[in-house]
């Protein structure tokens, strides 16, 4: 008589998902922190990605005289703090996404319902941990919270939260559609399994363009607000995103809106690889 394998409990699935998310976070942190720092410096100093890389490496950004790859690690503590907060809801979202897709499969507009439920929950969670994102951006741009007036520090930590929420909603909505689309493209053009390591790598770069470019303006304005605590003290508008928009155009011109996009696109590509790997593991677990 054959013995049926025991199905893992819901708590075991959640724990496994959290462990997988933590492992992906640890592996990706050094590279993602470096790319995010390059993007932040591009935005702050109105320079190209390659110049930002050179300035960071030679220590010019941090007032150091010695070239070192270690300069790219500035802000890693804040990055880990942010990602540790994110890892639980991100891993849980990706863990339950296949179940969500299956639940809405036969209902009218099922894919859209599943995508909005998945993306909306992750966007709300991202708004809640916005302080961790603000600290990360400030530290990577060589700024610190002491620049902010004491009575305004809590509110400053939530600067850009609205743009962050809209951006994350867009990112995860586009992620769902992009992952399905580029999986089909990989199969049609190469015959590879889109869930294999090679398939995941191939589809992640075009996915990063598909996901990151449409929502970049929200990231750009969010960064301006987070890196400029006194911005609203020197503007004639009460709307912070209008002030951020004027700040970029007034100091850097239209080209300034694109500063940091190249580094952030690479950042998104590596994030997509991690998310795609976690999603494939969740799909495998669901089939067992």
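The values are calculated or read from the model by the stated rules, or taken from the named source; none is laboratory data. The structure displayed is predicted, hence computed values, not measured ones. For neighbour counting, all protein chains shown are included, and Cβ atoms are generated from backbone atoms with ideal geometry for every residue, glycine included.
Just to verify a result, which residue in the stretch 128-146, among those that are without any contact (Cβ under 8 Å) to a residue 40 or more places away in the chain and part of a helix (DSSP H, G or I), is nearest to residue 93 (Cα to Cα)? Step through it out loud before you land on a result.
Step one: of the stretch 128-146, the residues without any contact (Cβ under 8 Å) to a residue 40 or more places away in the chain are 128, 130-131, 144-146.
Filter again for part of a helix (DSSP H, G or I), leaving 128, 130-131, 145-146.
Values: 128: 16, 130: 18, 131: 21, 145: 31, 146: 35 Å.
Result: 128.
For (1) modelled with pLDDT of 95 or more; (2) farther than 21 Å from residue 91 by Cα; (3) in a helix (DSSP H, G or I), each residue gets a yes or a no:
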residue	(1), (2), (3)
243	no, yes, yes
256	no, yes, yes
263	yes, yes, yes
271	no, no, yes
277	no, no, yes
280	no, no, yes
285	no, no, yes
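So which of 174, 169, 189 is out of contact with any helix residue (DSSP H, G or I) (no Cβ under 7 Å at 6 or more places or on another chain) and either assigned to a helix (DSSP H, G or I) or without any contact (Cβ under 8 Å) to a residue 60 or more places away in the chain (or both)?
Criteria check complete, one pass: 189.
Is it the case that the stretch 183-201 has a residue that's buried (at least 17 other Cβ atoms within 10 Å of the Cβ) and under 30 Å from residue 158 (Cβ atoms)?
No, the stretch 183-201 contains no residue that is buried (at least 17 other Cβ atoms within 10 Å of the Cβ) and under 30 Å from residue 158 (Cβ atoms).
Tell me, yes or no, whether the stretch 210-218 has at least one residue that is touching a residue at least 60 places away in the same chain (Cβ under 8 Å), assigned to a helix (DSSP H, G or I), in contact with a helix residue (DSSP H, G or I) (Cβ under 8 Å, 6 or more places away or on another chain) and under 26 Å from residue 113 (Cβ atoms). Walk me through it before giving the result.
So the first thing to find is which residues in the stretch 210-218 are touching a residue at least 60 places away in the same chain (Cβ under 8 Å), and the list is 211.
With assigned to a helix (DSSP H, G or I) added as a condition, the list becomes 211.
The next check asks that each one be in contact with a helix residue (DSSP H, G or I) (Cβ under 8 Å, 6 or more places away or on another chain); those that pass are 211.
Next cut, under 26 Å from residue 113 (Cβ atoms) only: 211.
Checked the stretch 210-218: at least one residue is touching a residue at least 60 places away in the same chain (Cβ under 8 Å), assigned to a helix (DSSP H, G or I), in contact with a helix residue (DSSP H, G or I) (Cβ under 8 Å, 6 or more places away or on another chain) and under 26 Å from residue 113 (Cβ atoms).
Which of the residues spanning the stretch 225-251 are touching a residue at least 40 places away in the same chain (Cβ under 8 Å), over 18 Å from the mean Cα position of the chain (by Cα) and crowded, with 17+ Cβ neighbours inside 10 Å?
If the condition is that a residue be touching a residue at least 40 places away in the same chain (Cβ under 8 Å), over 18 Å from the mean Cα position of the chain (by Cα) and crowded, with 17+ Cβ neighbours inside 10 Å, then 229, 240, 241 are the ones that fit.
Can you find, within the stretch 14-26, the residue that is surrounded by the most Cβ atoms within 10 Å (Cβ to Cβ) among those that are under 17 Å from the mean Cα position of the chain (by Cα) and free of Cβ contacts under 8 Å to residues at least 40 places away in the same chain?
23
Would a scan of the stretch 21-35 turn up a residue that is part of a helix (DSSP H, G or I) and farther than 30 Å from residue 283 by Cα? Walk me through it before giving the result.
So the first thing to find is which residues in the stretch 21-35 are part of a helix (DSSP H, G or I), and the list is 21-35.
Right, trim to farther than 30 Å from residue 283 by Cα and you get 34.
Within the stretch 21-35, one or more residues are part of a helix (DSSP H, G or I) and farther than 30 Å from residue 283 by Cα.
I'm trying to understand the selection: among the residues of the stretch 101-124, which are surrounded by fewer than 18 Cβ atoms within 10 Å (Cβ to Cβ) and in a helix (DSSP H, G or I)?
Hits for the stretch 101-124 are 102, 103, 110, 111, 112, 113, 116, 117, 120, 121, 124.
Go through (1) closer than 25 Å to residue 146 by Cα; (2) in contact (Cβ under 8 Å) with a residue 40 or more places away in the chain; (3) in a helix (DSSP H, G or I) and name the single condition residue 159 misses.
(3)
For the stretch 47-72: of the residues being assigned to a loop (DSSP other than H, G, I, E, B) and under 22 Å from residue 248 (Cβ atoms), which is modelled with the lowest pLDDT? Working first, answer last.
Residues of the stretch 47-72 assigned to a loop (DSSP other than H, G, I, E, B): 47-48, 59-68.
From what's left, under 22 Å from residue 248 (Cβ atoms): 47-48, 61.
Numbers: 47: 94, 48: 95, 61: 86.
Checked the stretch 47-72; the qualifying residue modelled with the lowest pLDDT is 61.
Among the listed residues 82, 67, which satisfies the condition of being surrounded by fewer than 19 Cβ atoms within 10 Å (Cβ to Cβ) and in contact with a helix residue (DSSP H, G or I) (Cβ under 9 Å, 6 or more places away or on another chain)?
67 is the lone residue from the list that is surrounded by fewer than 19 Cβ atoms within 10 Å (Cβ to Cβ) and in contact with a helix residue (DSSP H, G or I) (Cβ under 9 Å, 6 or more places away or on another chain).
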